[in-house]
1. Could you bin all the Cα-Cα distances of region 146-218 into 5 Å bins starting at 0 and give me the percent of pairs in each, rounded to whole numbers?
2. Rank V67, M1, S12 by how far each Cα sits towards the positive end of the charge dipole of region 1-86 (+1 on Lys, Arg Cβ; -1 on Asp, Glu Cβ) and give me just the farthest.
3. Give me the dipole magnitude in Debye, nearest 20, for the chain about the Cα centre, with unit charges on the beta carbon: positive for Lys and Arg, negative for Asp and Glu.
4. Quick check: Cα centre of region 7-31 to Cα centre of region 274-291, how many Å?
5. Of the candidates D327, D380, D338, which one comes out as most mobile in a Gaussian network treatment of the chain with C-alpha springs shorter than 10 Å?
6. Which of the three applies to region 343-388, rounded, prolate or oblate, going by the alpha-carbon gyration tensor with a ≥ b ≥ c and a/c under 1.5 meaning rounded?
7. Any chance you could check the Cα centroid distance between region 313-335 and region 65-108 for me, in angstrom?
8. Going out from 0 in 10 Å bins, what whole percent of all Cα-Cα distances in the chain drops into each bin?
Amino acid sequence: MYKVSNRLNKLSISETLAMTDKSRQLQAKGIDIINLSIGEPDFNTPDYIKQAAKKAMDDGFTHYSPVQGFLDLRQAISNKFKRENNLEYATDQIIVSTGAKQSLANVILSLVNKDDEVLIPAPFWVSYSELVKLAEAKSVIIKTSIDNKFKITPQQIEQAITPKTKVFLFNSPSNPSGILYSKQELKAIADVFAKHKDIFIISDEIYEHINFRGKHESIAQFDYIKDRVIVVNGVSKAYAMTGWRIGYIGAPKWIAQACNKLQGQITSGASSISQKAACAALNADLTSVNEMKEIFKKRCDLVFKLLSEIKGIKTFKPDGAFYYFPDVTYFFGKSFEDTTINNAGDLCMYLLNKAHVATVTGSAFGDPNCIRLSYATSEDNIIEALKRIKTALYKLN
Ligand code: PMP
Ligand code: GLU
């Protein structure tokens, strides 16, 4: 009997991508599915970025790129860090990768040894715990509560630290909860790690620009821990460039070099054309980014209004990203026809089959009491999807 490696056997599939796949299959059969499962802006990439890609092809940027990324793009990223975050990263501290997902994989595989512990506050983004598994390390999940807006406290972190702790991995704005940590909250977290000098902090800031509260705050701003912080970011979400596959890190030089070495054996440099497009994106002002953000904010308000009208859904209005992560435990134990809802996964399947709305189970994000709804879709879709969800939920008893 042929078998894949133990490493692969242990790995779970990405639930966000699996649910999206399922809804695409149903759509192909002619079923009218509204997809609230994938976290992907529904906007087109702005024209000035597409023009830069076309020019790149015409100018002959169709060959291998340097593994770490073109210098002009790394310069644009360095300038962006300075301009938007007041962070100093020289071009040799920046590595461009095939999406922030690869950036995360690079950093985790470069830093973490077998059996090391990685602290991850739940709810977390699906791929974090799986990438840790791939590195043969152990995720130590720090639980939070919706009543506390899913925020961890410095005390919880302190309690979770052991001599094996190697990395603290988190994101703000958060996928899936949409919360933001304030500067004071980040400082309190930084202060914990100031005392534990062997622990690295991976800060995933891919939703930086989808922030409805104000200025983005990065944990890398605290100089006393900056030599142990790796900032992960990319152009997928802010610039509606998910398909272009460009992510990057700002990191201490030795970590950047390690990621460069790893990437050189796995993928080489990211797509040359996409890099030139990302360079144009990052060198421009934020007009189109802010326009998209305003639309996300309006949708966020709309979803809040509609979700609040559904009895049994427990939620709060998020401050960023484009997700809601409501608690749905009220529906556990309820049935309709031949379906009984025992958990969030059952509820997602029920909503897919009966309401034709795709969502993702919270268990994929480390919180089995919730489901995730992405509102990166039109207002019409949101209104129709929430109407269908309400009707299907009210049938349960
Ligand atoms: N981090 C988070 C929190 C995300 O939601 C995503 C979305 N896929 C990524 C990283 C990866 O983004 P990408 O690979 O498209 O740059
Ligand atoms: N980050 C998005 C999401 O969470 C895209 C899907 C993925 O890469 O997992 O849905």
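We did not get these values from a lab; they are worked out from the coordinates using the rules stated. As the structure is a computational prediction, the values presented were derived from the model and not from experiment. Backbone-built Cβ (ideal geometry, glycine too); neighbour counts: all protein chains shown.
1. 3, 15, 26, 26, 18, 10, 3, 0
2. Farthest towards the positive pole: M1.
3. 340 debye
4. For region 7-31 versus region 274-291, the Cα centre distance is 31 Å.
5. Of the options given, D338 has the highest mean-square fluctuation.
6. In terms of gyration-tensor shape, oblate.
7. Using only Cα atoms, the two centres lie 35 Å from each other.
8. 5, 23, 32, 26, 12, 2, 0
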